[in-house]
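The values are calculated or read from the model by the stated rules, or taken from the named source; none is laboratory data. Computed from a predicted structure; not experimentally measured. Glycine gets a Cβ as well: all are built from the backbone with ideal geometry, and neighbour counts include every protein chain shown.
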Amino acid sequence: MSDLPTGTVTFLFTDIEGSTRLLNELGDGFGELLDHHHRILREALSRHNGVEVGTEGDAFFVAFETVTDGVNAAAEMQRALAEHRDQSGVDLWVRMGLHTGEAQQVGDNYGGLDVHRAARISAAAHGGQVLLSAATAHQVQVSPRLDAGVRVLDLGRFRLKDLAESEQLFQLCIEGLRADFPPPTALGNPLHLPPRLDEFVDRSHEIRTIQTLLSERRLVTLTGPGGTGKTRLATEVGRVAVSDFPDGIFFVELAAIFDFSLVPSTIARALSLREEGARPIIETVTDYLASKQILLILDNFEQVVESAPVVSDLLRAAPGLKVIVTSRVSLLVSGEHEYPVPPMALPDAQRLPDLEVLSEYESIDLFLKRARSVKPDFALTGDNAPVIVEICVRLDGLPLAIELAAARARLLSPHEILTRLGQSLSLLSKPGRDVPQRQRTLMDAIGWSYELLDPELQTLFRTLGVFRGGWALDDVESIAHREGALGVDVIDGLESLISSSLVRAWETDEGETWFVMLQTIREFALQSLADSGELQHFRMVHARYFADLARSAEPEIFNDDQHWPDRLDLEHDNLRAALRRFIDAGEIQEGLVMATHLWRFWQIRSHLAEGRAWLTALLDFPKNKSDPATRAAALIAIGGLTYWQNDFAMTRVHYEEALDTFESIGDQRGIAEALYNLGFLFLIDGDTKRSLEIHGRSLAIYRDLEDELNVAYAKWGLAMAYVRDRELDEAARLARESQDTFERHRNWYGRMLGEFVLLQIDRIAGNHDRVLALTREILERPEMQKDAVGISSMLEVQANTEIAVGRPRRGLKLAAAADRMRTEHGGGAPPPLLELEDPRALVADVFSEDTIEGIWFEGQQMSLEEIIAYSQKDGESDE
Ligand SMILES: Nc1ncnc2c1ncn2[C@@H]1O[C@H](COP(=O)(O)OP(=O)(O)O)[C@@H](O)[C@H]1O
Ligand SMILES: [Mg+2]
């Protein structure tokens with residue numbers, strides 16, 4: 001084809017997000033959707049001189065002679081796609097990536113690194129998002145012919161798959177369309193930072209200074225009052241420092257942590273490490289960091305200054321680790337370098353420079369950026385310049401205060417903002433050096449913004465202070481509904497608070513909108529709630545609401561759709577706060593009920609030790625603080641957690657006390673549950689006869705109660721005992737029956753339990769191929785990916801089988817990966833129930849000890865994705 005553009009060309013790649021899912025959902029309708037999609041894209045292409053180079057399935061590859069055409073085409077496509085979504089209700093989201101570079105023509109196609117780069121950038125985008133390379137973004141900014149309502153947002157640097165250097169990525173923001181995406185899904189992306197929700201005012205001087213400090217020191221603490229820009233600076237330093245930390249940059253949010261003992265586990269979470277049974281989590285973290293070059297950003301450390309020694313310990317144990325802390329106070333540990341974050345640069349109000357120079361002052365730049373985000377045509381003029389300068393000076397150059405003021409630019413002119421500020425600010429401006437004064441300025445600015453709210457909005461705002469770590473829309477709606485008195489439509493109210501910069505929102509990976517307040521603003525809200533005398537009341541309203549949430553989640557925890565565990569993960573800080581309030585208020589009964597509802601969540605999402613700690617704290621209160629049935633149920637819950645931690649001695653203590661209690665009050669369901677659980681302990685101890693008998697009793701009671709789901713569990717327990725007794729036909733029959741029930745309940749967990757029995761039976765019978773086929777299939781299921789216990793057990797079963805069929809290397813690697821998962825999760829299926837042999841012993845006469853160590857090490861290093869992909873390898877070779 002001779003009409004391919006030559007020279008400098010802009011490449012566009014597009015691709016439908018989740019096309020496999022759409023195909024499954026729509027079936028035959030998918031072809032029609034694809035036609036619409038092709039027509040929408042081609043219309044935009046023809047209007048903007050795009051040349052279609054290649055189309056494969058739902059992916060387009062297009063070349064443009066000019067950047068302007070490329071960008072305008074992408075924007076038009078996204079607009080038309082949004083319209084299609086509105087009209088059809090079909091979730092058609094397309095990711096797009098643009099890069100501008102040299103065209104290397106290969107026949108009727110292009111080749112070369114620039115095409116490759118464009119494809120990688122597109123792959124990093126989310127559905128609905130348009131990502132641009134720096135080359136493209138740069139030209140866009142100098143191009144005068146962009147469509148109205150389109151602008152470019154700098155997202156920072158990311159490392160993309162197959163590209164040696166990290167890439168600076170930009171997002172095209174198209175007015176009226178979604179703009180708040182999670183960070184680009186770059187593979188192996190080492191940056192684990194919160195998303196950028198708005199434009200950054202470049203503070204290159206501060207960033208460079210902190211970078212220099214960081215090259216000499218290993219612990220830099222950014223100090224200053226709330227709203228100075230500490231967090232923002234720390235994350236931006238993280239973005240530019242990416243090449244110095246090959247193992248990644250991790251952001252650890254401590255704002256919602258009220259108990260300093262949770263600091264190590266919060267760091268562990270940020271690093272995606274899990275708890276490890278009885279072993280202190282700090283050791284897991286230390287081991288992990290020991291050999292890595294990592295930058296940790298610990299945000300809002302003032303909450304937990306008692307934990308400063310933890311930071312010293314980590315630095316001592318991990319020579320490649322560096323830490324940036326943001327805190328209102330310094331840590332006062334050795335080796336720390338404190339960097340007080342200065343306010344944003346202010347011009348001299350007496351001698352104003354010309355407008356262009358003026359707009360380069362950080363504080364003015366910030367005011368303009370934020371004002372434009374609520375009023376796109378806002379401009380700096382000779383008239384308003386002195387007023388805007390005056391506002392920034394009054395606000396001491398404090399970024400948060402400036403944001404709050406600028407957020408009002410939609411309705412108020414700068415002059416009106418200044419007048420109202422003047423009425424409210426308690427101080428005449430002095431150069432903002434003195435910290436207490438800046439603190440006061442900020443509180444005044446928040447207070448000012450608060451005063452401008454209607455009384456109903458003020459109430460809503462105050463109430464929101466009660467949430468920890470953020471909230472979902474339902475949360476406020478329920479509390480508002482319950483309280484009747486909030487008096488505003490919650491969605492309208494939140495929108496106003498967002499436009500006032502008091503609240504922020506983004507979309508989670510699960511597609512929920514999640515709302516947060518900056519720490520300083522939340523403190524103000526809490527203080528107002530206390531001043532209005534409503535604090536204690538709302539704390540209990542909050543606690544009861546989250547107790548209800550836990551109650552609603554409990555029966556659905558194992559549902560195929562995973563909605564509830566995802567939600568509880570998101571709300572974990574609120575759940576913790578609720579439990580804490582029950583404990584503080586002495587409401588032990590309610591606390592026990594809530595914690596009991598949460599235990600399965602703690603189990604499958606790797607919070608075994610934390611769950612155990614909550615239940616222990618609650619059970620330590622005198623018995624008369626709760627009724628016996630509640631207490632016994634909580635004993636079953638804590639027993640469950642200790643069971644998965646493989647602490648069988650404590651488990652027996654808990655289950656036996658529960659059984660005694662249920663028997664003493666004649667609670668049949670409770671008796672059945674305690675027996676069911678004790679049945680496994682007998683099996684672990686090798687007392688198969690006793691186990692059969694006890695599981696049989698539990699099954700009989702559940703049958704009497706016509707409790708279908710628990711009948712299925714009890715049948716499964718009995719099946720496990722029959723496997724041990726080598727009554728395989730009976731075991732298989734019971735397992736299949738239980739599976740039918742689990743299937744009907746869409747219970748993935750129970751389904752897997754049943755399958756486990758069938759796997760054991762096949763293993764005992766030597767049906768290796770069937771075992772491998774089933775473990776591979778189970779390991780690939782989406783619902784399994786977050787269940788460390790299930791995955792490690794399946795990997796272990798597969799490992800033994802791979803060895804049995806003559807693939808010792810593969811078996812050993814799988815076993816090593818499973819072993820690491822057990823460690824990270826802090827537990828797993830009880831080994832005696834799995835009846836497996838030690839894989840290292842099995843291969844001892846095949847490999848030398850060194851070889852075994854080498855393979856084991858390789859397996860332990862594999863990521864979850866890698867190990868799942870590896871488990872799927874079929875065929876004879878032992879690789
Ligand atoms: N350089 C900057 N560019 C844009 N916005 C900024 C900048 N610095 C701070 N802000 C904004 O000001 C507010 C307060 O900053 P933040 O970093 O949260 O302060 P701190 O951590 O000191 O409390 C935030 O909304 C933040 O986005
Ligand atoms: Mg902060």
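Among the candidates 530, 550, 543, 480, the residue that is touching a Phe, Trp or Tyr at 6+ places or on another chain (Cβ under 7 Å) and aliphatic (A, V, I, L, M) is uniquely 543. The helices (runs of 4 or more DSSP H) falling completely within region 466-547 that include 1 or more residues that are under 19 Å from residue 447 (Cα atoms) and more than 16 Å from ligand 2 (Cβ to nearest atom) map to 490-499, 519-531.
Taking the stated definitions as given, is residue 568 farther than 23 Å from residue 749 by Cβ and in a helix (DSSP H, G or I)? In short, no.
Scanning region 286-311 for residues that are within 19 Å of residue 246 (Cβ to Cβ) and either among the basic types (Lys, Arg) or in a helix (DSSP H, G or I) (or both) gives 287, 288, 289, 290, 292. Of 225, 194, all but one fail to be in contact with a strand residue (DSSP E or B) (Cβ under 8 Å, 6 or more places away or on another chain) and either within 11 Å of ligand 2 (Cβ to nearest atom) or outside any helix (DSSP H, G or I) (or both); the exception is 194. The residue list 209, 266, 284 contains one member that is within 16 Å of ligand 1 (Cβ to nearest atom) and either surrounded by fewer than 16 Cβ atoms within 10 Å (Cβ to Cβ) or of a type in the set (Val, Ile, Thr) (or both), which is 209. Here 617, 634, 672, 658 are screened, and the one residue that is under 33 Å from the mean Cα position of the chain (by Cα), assigned to a helix (DSSP H, G or I), crowded, with 18+ Cβ neighbours inside 10 Å and of a type outside the set (Ser, Thr, Tyr) is 634. For the residues 531, 489, 475, 509, the requirement of being out of contact with any Leu (no Cβ under 9 Å at 6 or more places or on another chain), at pLDDT 90 or above and of a type outside the set (A, V, I, L, M) singles out 531.
Every condition in (1) modelled with pLDDT under 95; (2) out of contact with any Pro (no Cβ under 6 Å at 6 or more places or on another chain); (3) not assigned by TED's automatic domain parsing to the domain that holds residue 489 holds for residue 439 except the one numbered (2).
Quick check on region 769-783. Is at least one of its residues touching a residue at least 24 places away in the same chain (Cβ under 8 Å), in contact with a Lys or Arg (Cβ under 7 Å, 6 or more places away or on another chain) and farther than 29 Å from residue 554 by Cβ? Within region 769-783 (the criterion being touching a residue at least 24 places away in the same chain (Cβ under 8 Å), in contact with a Lys or Arg (Cβ under 7 Å, 6 or more places away or on another chain) and farther than 29 Å from residue 554 by Cβ), the answer is yes, since at least one residue qualifies.
Scanning region 219-251 for residues that are away from ligand 1 (no atom under 16 Å from the Cβ) and surrounded by fewer than 19 Cβ atoms within 10 Å (Cβ to Cβ) yields 243, 244, 246, 247. Among the residues of region 205-222, not a single one is at pLDDT below 85, within 16 Å of ligand 2 (Cβ to nearest atom) and either not in a loop (DSSP other than H, G, I, E, B) or not acidic (Asp, Glu) (or both).
Filter region 331-351 down to the residues that are within 14 Å of ligand 1 (Cβ to nearest atom) and hydroxyl-bearing (Ser, Thr, Tyr) and list them by number. Passing the criteria: only 339.
Pairs meeting the criteria (first residue in region 193-213 and polar (S, T, N, Q), second residue assigned to a helix (DSSP H, G or I), beta carbons under 9 Å, at least 6 apart or on different chains) are 211/237; 211/240; 211/244. Is it the case, given these coordinates, that residue 170 is within 22 Å of residue 285 (Cβ to Cβ), at pLDDT 80 or above and not in a loop (DSSP other than H, G, I, E, B)? In short, no. Looking only at region 500-521, filter to residues that are within 16 Å of ligand 1 (Cβ to nearest atom) and surrounded by fewer than 17 Cβ atoms within 10 Å (Cβ to Cβ); which one of those is nearest to residue 458 (Cα to Cα)? Ranking the candidates gives 505 first.
Would it be correct to say that residue 259 is more than 16 Å from ligand 2 (Cβ to nearest atom), in contact (Cβ under 8 Å) with a residue 40 or more places away in the chain and closer than 30 Å to residue 581 by Cβ? Against the criterion (more than 16 Å from ligand 2 (Cβ to nearest atom), in contact (Cβ under 8 Å) with a residue 40 or more places away in the chain and closer than 30 Å to residue 581 by Cβ), residue 259 qualifies. Taking residues in region 485-514 that are among the polar types (S, T, N, Q), and partners anywhere that are in a loop (DSSP other than H, G, I, E, B) and away from ligand 2 (no atom under 16 Å from the Cβ), the pairs with Cβ atoms closer than 8 Å and at least 6 places apart or on different chains are 496/453; 500/452; 500/453; 508/182.
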